[in-house]
Amino acid sequence: MSSLPRSRYDWSRIELGELLADQPRYRVDQVWQGLHDHGTEPEDWSNLPKALRATLAETLPPALELTTESVSDDGQTVKWLWALADGHQVETVLMRYPDRATVCVSSQAGCAMACSFCATGQAGFDRHLTTGEIVEQVIRARARATADGQRLSNVVFMGMGEPFANYDRTWAAVERIHDDLGLGARHLTLSTVGVVPGIRRLAAAPLPVNLAVSLHVANDRERNELVPINRRYPLAELARACQEYVDATHRRLSFEWALIHEVNDTDRHARELADYARPLRAHVNLIPLNPTPGYAVRGT
(Lines give C-alpha, C1' and ligand atoms only; values in the text may rest on other atoms or scores of the structure.)
Protein backbone atom coordinates (compact mmCIF):
# COMPACT_ATOMS: atom_id res chain seq x y z
CA MET A 1 0.00 0.00 0.00
CA SER A 2 2.97 2.31 0.51
CA SER A 3 3.48 2.47 -3.27
CA LEU A 4 0.03 3.97 -3.84
CA PRO A 5 -0.14 7.66 -4.75
CA ARG A 6 -1.21 9.70 -1.75
CA SER A 7 -4.71 11.07 -2.22
CA ARG A 8 -5.92 14.48 -1.10
CA TYR A 9 -7.31 13.48 2.30
CA ASP A 10 -4.18 11.54 3.21
CA TRP A 11 -2.32 14.83 3.75
CA SER A 12 -2.18 16.25 7.26
CA ARG A 13 -2.30 19.99 7.87
CA ILE A 14 1.41 19.93 8.75
CA GLU A 15 2.25 18.15 5.50
CA LEU A 16 0.20 20.65 3.52
CA GLY A 17 2.17 23.40 5.25
CA GLU A 18 5.38 21.81 4.01
CA LEU A 19 3.93 21.48 0.51
CA LEU A 20 2.96 25.14 0.51
CA ALA A 21 6.12 26.39 2.22
CA ASP A 22 6.73 28.94 -0.55
CA GLN A 23 3.22 30.38 -0.20
CA PRO A 24 1.78 32.82 2.34
CA ARG A 25 0.90 31.00 5.56
CA TYR A 26 -2.83 31.56 5.13
CA ARG A 27 -2.83 29.39 2.01
CA VAL A 28 -2.76 26.28 4.20
CA ASP A 29 -6.00 27.35 5.87
CA GLN A 30 -7.57 28.07 2.50
CA VAL A 31 -6.65 24.65 1.13
CA TRP A 32 -7.73 22.87 4.32
CA GLN A 33 -11.08 24.67 4.24
CA GLY A 34 -11.54 23.86 0.57
CA LEU A 35 -11.01 20.19 1.30
CA HIS A 36 -12.89 19.79 4.57
CA ASP A 37 -15.38 22.65 4.91
CA HIS A 38 -16.43 22.74 1.28
CA GLY A 39 -15.34 19.35 -0.10
CA THR A 40 -14.71 20.93 -3.48
CA GLU A 41 -12.14 20.39 -6.21
CA PRO A 42 -8.89 22.41 -6.27
CA GLU A 43 -9.98 23.94 -9.57
CA ASP A 44 -12.95 25.51 -7.74
CA TRP A 45 -10.88 27.30 -5.08
CA SER A 46 -11.24 30.79 -6.52
CA ASN A 47 -9.47 32.36 -3.55
CA LEU A 48 -6.21 30.76 -4.77
CA PRO A 49 -4.14 31.83 -7.80
CA LYS A 50 -4.98 29.87 -10.92
CA ALA A 51 -1.48 28.42 -11.28
CA LEU A 52 -1.55 27.16 -7.68
CA ARG A 53 -4.94 25.59 -8.23
CA ALA A 54 -3.57 23.68 -11.21
CA THR A 55 -0.59 22.47 -9.19
CA LEU A 56 -2.78 21.34 -6.30
CA ALA A 57 -5.18 19.54 -8.63
CA GLU A 58 -2.25 17.44 -9.81
CA THR A 59 -0.65 17.00 -6.39
CA LEU A 60 -3.88 16.23 -4.49
CA PRO A 61 -5.73 13.64 -6.59
CA PRO A 62 -9.00 12.11 -5.39
CA ALA A 63 -8.88 8.59 -3.98
CA LEU A 64 -12.23 7.44 -5.33
CA GLU A 65 -13.36 7.03 -8.91
CA LEU A 66 -17.04 6.29 -9.37
CA THR A 67 -17.72 2.90 -10.95
CA THR A 68 -21.43 2.43 -10.24
CA GLU A 69 -24.18 4.36 -8.47
CA SER A 70 -27.49 2.72 -7.60
CA VAL A 71 -30.52 4.35 -6.02
CA SER A 72 -33.25 2.36 -4.27
CA ASP A 73 -36.06 2.68 -1.71
CA ASP A 74 -37.66 5.55 -3.66
CA GLY A 75 -34.42 7.48 -3.55
CA GLN A 76 -33.81 7.02 0.16
CA THR A 77 -30.73 4.82 -0.33
CA VAL A 78 -27.78 5.63 -2.57
CA LYS A 79 -25.02 3.06 -2.98
CA TRP A 80 -21.70 3.83 -4.64
CA LEU A 81 -19.06 1.41 -5.87
CA TRP A 82 -15.70 3.17 -6.04
CA ALA A 83 -12.52 2.15 -7.81
CA LEU A 84 -9.31 2.88 -5.89
CA ALA A 85 -5.98 3.84 -7.44
CA ASP A 86 -4.79 0.23 -7.51
CA GLY A 87 -8.02 -1.12 -9.01
CA HIS A 88 -9.56 -2.51 -5.83
CA GLN A 89 -13.15 -1.54 -5.14
CA VAL A 90 -15.11 -0.47 -2.08
CA GLU A 91 -18.72 0.45 -1.35
CA THR A 92 -20.26 3.45 0.39
CA VAL A 93 -23.97 3.74 1.21
CA LEU A 94 -25.94 6.92 1.98
CA MET A 95 -29.15 6.29 3.88
CA ARG A 96 -31.73 9.07 4.14
CA TYR A 97 -34.28 9.41 6.92
CA PRO A 98 -36.83 12.17 7.59
CA ASP A 99 -34.66 13.80 10.25
CA ARG A 100 -31.13 12.82 9.24
CA ALA A 101 -28.79 11.27 6.70
CA THR A 102 -26.32 8.54 7.58
CA VAL A 103 -23.37 7.28 5.58
CA CYS A 104 -22.03 3.75 5.91
CA VAL A 105 -18.32 3.67 5.00
CA SER A 106 -15.81 0.93 4.30
CA SER A 107 -12.53 0.60 6.17
CA GLN A 108 -10.95 -2.16 4.06
CA ALA A 109 -11.11 -3.43 0.51
CA GLY A 110 -12.47 -6.89 1.20
CA CYS A 111 -12.39 -8.52 4.63
CA ALA A 112 -10.39 -11.27 6.30
CA MET A 113 -12.95 -12.13 9.00
CA ALA A 114 -14.55 -14.86 6.83
CA CYS A 115 -18.03 -14.67 8.36
CA SER A 116 -19.87 -17.43 6.53
CA PHE A 117 -22.99 -15.43 5.60
CA CYS A 118 -21.20 -12.25 4.45
CA ALA A 119 -20.53 -11.61 0.75
CA THR A 120 -17.47 -9.47 1.54
CA GLY A 121 -16.05 -12.15 3.81
CA GLN A 122 -16.56 -14.77 1.13
CA ALA A 123 -14.62 -12.64 -1.37
CA GLY A 124 -11.58 -12.38 0.92
CA PHE A 125 -9.23 -9.58 1.89
CA ASP A 126 -7.46 -7.21 -0.49
CA ARG A 127 -5.97 -4.44 1.66
CA HIS A 128 -6.52 -1.83 4.34
CA LEU A 129 -7.87 1.54 3.26
CA THR A 130 -5.85 4.64 3.99
CA THR A 131 -7.21 7.38 6.22
CA GLY A 132 -7.76 9.53 3.16
CA GLU A 133 -9.74 6.84 1.36
CA ILE A 134 -12.04 6.54 4.38
CA VAL A 135 -12.49 10.28 4.88
CA GLU A 136 -13.22 10.90 1.21
CA GLN A 137 -16.19 8.51 1.37
CA VAL A 138 -17.72 10.80 4.00
CA ILE A 139 -16.94 13.91 1.97
CA ARG A 140 -18.63 12.46 -1.13
CA ALA A 141 -21.71 11.39 0.83
CA ARG A 142 -21.95 14.77 2.55
CA ALA A 143 -21.88 16.51 -0.83
CA ARG A 144 -24.70 14.32 -2.12
CA ALA A 145 -26.81 14.83 1.00
CA THR A 146 -26.27 18.60 0.85
CA ALA A 147 -27.20 18.71 -2.83
CA ASP A 148 -30.45 16.96 -1.94
CA GLY A 149 -31.22 19.41 0.85
CA GLN A 150 -30.17 17.23 3.77
CA ARG A 151 -27.46 17.41 6.41
CA LEU A 152 -25.19 14.45 6.90
CA SER A 153 -25.52 13.76 10.61
CA ASN A 154 -24.14 10.26 11.22
CA VAL A 155 -21.22 8.13 10.07
CA VAL A 156 -21.19 4.37 10.66
CA PHE A 157 -18.16 2.20 9.95
CA MET A 158 -20.25 -0.78 8.88
CA GLY A 159 -19.28 -1.12 5.22
CA MET A 160 -16.68 -3.45 3.76
CA GLY A 161 -14.00 -4.62 6.16
CA GLU A 162 -13.34 -4.92 9.88
CA PRO A 163 -12.51 -1.44 11.27
CA PHE A 164 -10.51 -2.80 14.22
CA ALA A 165 -8.28 -4.81 11.89
CA ASN A 166 -7.30 -1.42 10.43
CA TYR A 167 -7.48 0.43 13.72
CA ASP A 168 -4.84 3.14 13.33
CA ARG A 169 -6.05 4.43 9.96
CA THR A 170 -9.67 4.08 10.98
CA TRP A 171 -9.11 6.04 14.18
CA ALA A 172 -7.22 8.77 12.30
CA ALA A 173 -10.27 9.03 10.03
CA VAL A 174 -12.56 9.25 13.07
CA GLU A 175 -10.49 12.14 14.43
CA ARG A 176 -10.55 13.93 11.08
CA ILE A 177 -14.32 13.48 10.76
CA HIS A 178 -14.80 14.73 14.32
CA ASP A 179 -12.31 17.61 14.32
CA ASP A 180 -12.49 18.88 10.75
CA LEU A 181 -15.91 17.81 9.48
CA GLY A 182 -17.59 18.70 12.75
CA LEU A 183 -19.51 15.50 13.54
CA GLY A 184 -19.67 14.84 17.27
CA ALA A 185 -18.55 11.56 18.81
CA ARG A 186 -22.12 10.46 19.52
CA HIS A 187 -22.78 10.61 15.77
CA LEU A 188 -19.92 8.22 14.92
CA THR A 189 -20.25 4.44 15.24
CA LEU A 190 -17.61 1.75 14.81
CA SER A 191 -18.76 -1.80 14.12
CA THR A 192 -16.77 -4.94 14.84
CA VAL A 193 -17.39 -8.68 14.65
CA GLY A 194 -15.68 -8.98 18.03
CA VAL A 195 -12.02 -7.99 17.75
CA VAL A 196 -11.43 -7.67 21.48
CA PRO A 197 -8.11 -5.74 21.40
CA GLY A 198 -9.81 -3.11 19.21
CA ILE A 199 -12.72 -2.80 21.62
CA ARG A 200 -10.29 -2.27 24.49
CA ARG A 201 -8.40 0.38 22.52
CA LEU A 202 -11.69 2.09 21.77
CA ALA A 203 -12.60 2.07 25.47
CA ALA A 204 -9.39 3.97 26.20
CA ALA A 205 -9.67 6.36 23.24
CA PRO A 206 -10.17 10.10 23.83
CA LEU A 207 -13.42 10.31 21.85
CA PRO A 208 -16.40 8.32 23.23
CA VAL A 209 -17.73 7.13 19.87
CA ASN A 210 -20.44 4.48 19.63
CA LEU A 211 -19.70 0.75 19.43
CA ALA A 212 -21.76 -1.83 17.56
CA VAL A 213 -20.85 -5.51 17.79
CA SER A 214 -21.98 -7.87 15.03
CA LEU A 215 -23.04 -10.68 17.33
CA HIS A 216 -25.46 -12.84 15.28
CA VAL A 217 -25.22 -15.85 17.64
CA ALA A 218 -24.91 -15.89 21.44
CA ASN A 219 -23.41 -19.32 22.05
CA ASP A 220 -19.80 -20.21 21.32
CA ARG A 221 -20.44 -23.47 19.48
CA GLU A 222 -22.55 -21.91 16.74
CA ARG A 223 -20.77 -18.58 16.69
CA ASN A 224 -17.46 -20.32 16.07
CA GLU A 225 -18.88 -21.47 12.74
CA LEU A 226 -20.81 -18.34 11.78
CA VAL A 227 -18.22 -15.78 12.96
CA PRO A 228 -14.80 -17.49 13.04
CA ILE A 229 -13.08 -14.72 15.04
CA ASN A 230 -15.09 -16.10 17.99
CA ARG A 231 -12.60 -18.96 18.20
CA ARG A 232 -9.94 -16.42 19.15
CA TYR A 233 -12.14 -14.14 21.24
CA PRO A 234 -15.03 -16.21 22.65
CA LEU A 235 -18.22 -14.69 23.98
CA ALA A 236 -17.15 -14.43 27.62
CA GLU A 237 -14.02 -12.47 26.67
CA LEU A 238 -16.03 -10.34 24.26
CA ALA A 239 -18.52 -9.51 27.02
CA ARG A 240 -15.71 -8.41 29.35
CA ALA A 241 -14.30 -6.09 26.70
CA CYS A 242 -17.76 -4.67 25.98
CA GLN A 243 -18.25 -4.01 29.70
CA GLU A 244 -14.95 -2.12 29.76
CA TYR A 245 -16.18 0.01 26.87
CA VAL A 246 -19.52 0.75 28.57
CA ASP A 247 -17.82 1.60 31.86
CA ALA A 248 -15.30 3.92 30.18
CA THR A 249 -17.62 5.76 27.78
CA HIS A 250 -21.04 5.54 29.45
CA ARG A 251 -22.43 4.91 25.99
CA ARG A 252 -25.05 2.32 25.15
CA LEU A 253 -23.62 -0.70 23.40
CA SER A 254 -25.40 -2.12 20.34
CA PHE A 255 -25.53 -5.70 19.11
CA GLU A 256 -26.19 -6.34 15.43
CA TRP A 257 -28.08 -9.56 14.71
CA ALA A 258 -28.64 -10.65 11.11
CA LEU A 259 -31.75 -12.83 11.17
CA ILE A 260 -31.02 -16.06 9.31
CA HIS A 261 -33.83 -18.54 8.72
CA GLU A 262 -33.53 -21.60 10.96
CA VAL A 263 -29.96 -20.62 11.88
CA ASN A 264 -30.34 -17.98 14.59
CA ASP A 265 -34.04 -17.08 14.66
CA THR A 266 -35.44 -19.70 17.03
CA ASP A 267 -36.86 -19.14 20.52
CA ARG A 268 -33.67 -20.64 21.95
CA HIS A 269 -31.52 -18.12 20.10
CA ALA A 270 -33.73 -15.30 21.34
CA ARG A 271 -33.30 -16.45 24.94
CA GLU A 272 -29.53 -16.75 24.52
CA LEU A 273 -29.39 -13.26 23.04
CA ALA A 274 -31.44 -11.81 25.89
CA ASP A 275 -29.26 -13.51 28.50
CA TYR A 276 -26.12 -12.14 26.84
CA ALA A 277 -27.35 -8.61 26.14
CA ARG A 278 -29.19 -7.91 29.40
CA PRO A 279 -26.17 -7.63 31.77
CA LEU A 280 -24.58 -5.18 29.33
CA ARG A 281 -27.85 -3.27 28.87
CA ALA A 282 -27.20 -3.50 25.15
CA HIS A 283 -29.51 -2.35 22.40
CA VAL A 284 -30.25 -5.07 19.83
CA ASN A 285 -30.64 -4.24 16.15
CA LEU A 286 -32.33 -7.05 14.18
CA ILE A 287 -31.40 -7.08 10.49
CA PRO A 288 -33.02 -9.26 7.80
CA LEU A 289 -30.26 -11.15 6.01
CA ASN A 290 -29.70 -10.67 2.31
CA PRO A 291 -28.76 -14.13 0.94
CA THR A 292 -25.46 -14.39 -0.95
CA PRO A 293 -24.35 -16.93 -3.58
CA GLY A 294 -21.89 -18.46 -1.10
CA TYR A 295 -24.51 -18.72 1.66
CA ALA A 296 -27.84 -19.53 0.11
CA VAL A 297 -29.87 -19.32 3.30
CA ARG A 298 -32.70 -16.83 3.34
CA GLY A 299 -33.22 -14.15 5.91
CA THR A 300 -36.06 -14.15 8.38
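The values are calculated or read from the model by the stated rules, or taken from the named source; none is laboratory data. Computed from a predicted model, the values in this text were never measured in an experiment. Glycine gets a Cβ as well: all are built from the backbone with ideal geometry, and neighbour counts include every protein chain shown. The protein model used for the area step is the full one, side chains on, heavy atoms only, and it has no ligands, DNA or RNA in it. Shrake-Rupley method; radii C 1.70, N 1.55, O 1.52, S 1.80 Å.
Based on DSSP H assignment, which helices of the chain show an axial Cα extent of at least 20 Å together with a mean Kyte-Doolittle hydropathy greater than or equal to 0.0? Sorted by number, the helices that extend far enough and score high enough are 235-249. For Ala204 and Gln122, a Förster radius of 22 Å and the Cβ-Cβ distance give a FRET efficiency of 0.10, rounded to the nearest 0.05. The listed residues Ser191, Ser72, once ranked by accessible area (1.4 Å probe) with the largest placed first, stand as Ser72, Ser191. Judged by a Cβ-Cβ distance under 4.7 Å, the unpaired cysteines of the chain are Cys104, Cys111, Cys242. Magnitude of the charge dipole for the chain, about its Cα centre and with charges confined to Cβ atoms of Lys, Arg (+1) and Asp, Glu (-1), is about 640 debye. Can you classify region 1-158 as rounded, prolate or oblate using the Cα gyration tensor, where a ≥ b ≥ c are the square roots of its eigenvalues, rounded means a/c under 1.5, and otherwise it's prolate if a/b beats b/c and oblate if not? Taking the square roots of the gyration eigenvalues as a ≥ b ≥ c, region 1-158 is oblate. Taking Arg53, Arg13 and ordering them by how much accessible surface each has at a 1.4 Å probe, largest first, produces Arg13, Arg53.
Assuming 0.36 nm per residue, please report the length gained on full extension of the stretch Ala54 to Glu15 beyond their Cα-Cα distance. Here the answer is 12.2 nm. With both bridge residues required to lie in region 162-300, what share of the DSSP beta bridges run antiparallel, to the nearest 5%? Within region 162-300, antiparallel bridges account for around 15 percent of the total.
Taking Ala51, Ala241, Ala282 as the candidate residues, the one with maximal mean-square fluctuation in a Gaussian network model of the chain, Cα springs under 10 Å, is Ala51.
Percent antiparallel among DSSP beta bridges with both residues in the chain, to the nearest 5?
Here the share of antiparallel DSSP bridges comes out near 55 percent.
Adding -39500 (n - 2.57) for every DSSP H run of four residues or longer, then dividing by how many residues the chain holds, sets the calculated 222 nm ellipticity at -10000 deg cm²/dmol. Amide H to amide H distances under 5 Å link Val193 with Ser214, where only residues 5 or more positions off or on other chains count and H is placed in the peptide plane. Here's the picture: charge each Lys and Arg Cβ at +1 and each Asp and Glu Cβ at -1 in the chain, and of Cys104, Leu253, Ala51 the one pushed furthest to the positive end of that dipole is Leu253. Projecting the Cα atoms of Ala85, Gly149, Pro206 onto the dipole axis of the chain, where Lys and Arg carry +1 and Asp and Glu carry -1 at the beta carbon, places Pro206 farthest toward the positive end.
Show me 89-98, 134-143 ranked by packing, highest mean number of other Cβ atoms within 10 Å first.
Per-residue mean Cβ counts within 10 Å order the peptides as 134-143, 89-98.
Checking the a/c ratio against 1.5 first, then a/b against b/c, what shape does the Cα gyration tensor give for region 54-124? Oblate, because a/c is 1.5 or more while a/b does not exceed b/c. Each label point was placed 7 Å from the Cα along the Cα-to-Cβ direction; for Thr77 and Val284 their separation is 2.3 nm.
Across the chain, Cα pairs under 8 Å and at least six residues apart give a relative contact order of 13 percent. For Lys79, the accessible area of its heavy atoms, probed at 1.4 Å with every protein chain present, is near 80 square angstrom.
Solvent exposure of region 91-245 amounts to 36 Å² per residue of accessible area, where only protein heavy atoms count and the probe is 1.4 Å. Magnitude of the charge dipole for region 236-288, about its Cα centre and with charges confined to Cβ atoms of Lys, Arg (+1) and Asp, Glu (-1), is about 260 debye.
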